[in-house]
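Notes to accompany the following structure.
The values are calculated or read from the model by the stated rules, or taken from the named source; none is laboratory data. As the structure is a prediction and not an experimental result, all values here were calculated from the model. Backbone-built Cβ (ideal geometry, glycine too); neighbour counts: all protein chains shown. Side chains are part of the model used for accessible areas, which takes the heavy atoms of the whole protein and leaves out ligands, DNA and RNA. Shrake-Rupley method; radii C 1.70, N 1.55, O 1.52, S 1.80 Å.
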Amino acid sequence: RTPGGPTLSFRVKRFTLGRQIRSVQRRPYDSTKAFESPPVVVTNNFGDVSAAPHVKLMRITFQNMFPAINVSTVKLSECRRVVLFNFIRRDMSQVSSDKKKHVGDDDDLEDEEVEIRHYAIRAKPVGVDRKVRRLVEAKIPNLSKLSDISDYITGQTSSGAPAPAVLRPGEMSDSEPEDEDTQVVLPGKYRGKGNNQAQKSALKLVELGPRLRIKLYKVERGMASGDVMYHAYESKTPGEVKALKQRKEGEASLKKRRREEQEANVARKQAAKDEKLAAKKARKKEREEKAMAALRGEVANGDGADQEESSSEEEEEEEGTDSESFEEESGDEEDSEAGMESEED
């Protein structure tokens, strides 16, 4: 299905690539399977039905950029990512006063900006000791310096002395989420060891990137064409809007008329070309027919001459045979006369 508009034009204020975000993370999230299912789209602070038309249009556009998720049939294990669209409203008078006091990286702040974030969802079981949870997650530590597994769990030996450290530096840097708002009871099995059904787990978001901050500055009615429905930097009075609409309609009608004239010229030229080609073919066919007729006439004349030659040859042969027979008869008569003379003698 080809798009038919409207067209939303954004200005990219800031951006950060995904590889740049992963380069500053201690434990970056890297899983291709998370991209096999569509993300959960969250639109924040876009308001309700009383919001401005261009704000509602932005929210609908962002929601339809990704495949829809059917809440009644979706599996919990398929919800692996979150895409957040956060609509930011700012008091520009306050921002202007802050700019005078502090000159820094936020000099390009504007009202009605949208921040885009891309996260992966991680779940970890809670209510379990951190060391036991590492065993459940199949992250077996090095127990070579301990004499018993209880030394690893309790953190001290049987004599009461502290147990040697079994973890490498940095392995326990991530603290367990203690906020009750991030802890949920899973309705089904989720990715990760220990995240079983009816198990209480803590959810954590890991940013994947890219990170964007954009500003809507124009909305057009058609596909990159048509009258401007909204503009962030220019405002027009109703009279100016009416005059602009009339000018656009005039340009559209003129364009349509020129297109029709061009199509008529093309059709006329094509008809003349076809007529010329047909005449050329007719002349060629006429020449071929004349050549064939002349060739047939030559063949007929050649056959007549051959017949005359054959008849003359037959007549000559007949004359030759007659003369030979006459000579033979005259010879016989001479021989008979000579015989008679010899008898008389």
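Stretching the chain fully between L244 and M92 yields a gain of 51.7 nm (0.36 nm per residue, less the alpha carbon separation). In order along the range 251-266, the Karplus-derived 3J(HN,Hα) couplings, from 6.51 cos²θ - 1.76 cosθ + 1.60 at θ = phi - 60°, round to 5, 5, 5, 5, 5, 5, 5, 5, 5, 5, 5, 5, 5, 5, 5, 5 Hz, and Gly and Pro are given as x. Take the cross-link list K56/K256; K124/K215; K75/K215; K75/K200; K13/K256; K56/K248 and give me the ones stretching past 28 Å between alpha-carbons. From the list (K56/K256; K124/K215; K75/K215; K75/K200; K13/K256; K56/K248), the Cα-Cα distance tops 28 Å for K56/K256; K124/K215; K75/K215; K13/K256.
In order along the range 7-24, phi translates into HN-Hα couplings of 10, 9, 10, 10, 10, 7, 7, 8, 7, 9, 6, x, 5, 5, 5, 5, 5, 9 Hz, rounded to whole numbers, per the Karplus curve 6.51 cos²θ - 1.76 cosθ + 1.60 with θ = phi - 60° and x for Gly and Pro. Solvent exposure of M292, expressed as accessible area, is near 90 Å², computed with a probe of 1.4 Å over the protein chains only.
Take the Cβ atoms of E78 and Q25, set R0 to 25 Å, and the FRET efficiency comes out at 0.55. Each label point was placed 7 Å from the Cα along the Cα-to-Cβ direction; for N265 and A282 their separation is 2.9 nm. Ordering Y233, Y29 by accessible surface, largest first, gives Y233, Y29; the 1.4 Å probe counts only protein heavy atoms, with every chain in place. Applying both filters, DSSP loop and at most 15 other Cβ atoms within 10 Å, to the trypsin sites (Lys or Arg not before Pro) of the range 21-100 gives R26, K75, R89, R90. Rounded, prolate or oblate for the range 177-291? Axes are the square roots of the Cα gyration tensor eigenvalues, ordered a ≥ b ≥ c, and the cut-off for rounded is a/c under 1.5. Oblate, because a/c is 1.5 or more while a/b does not exceed b/c.
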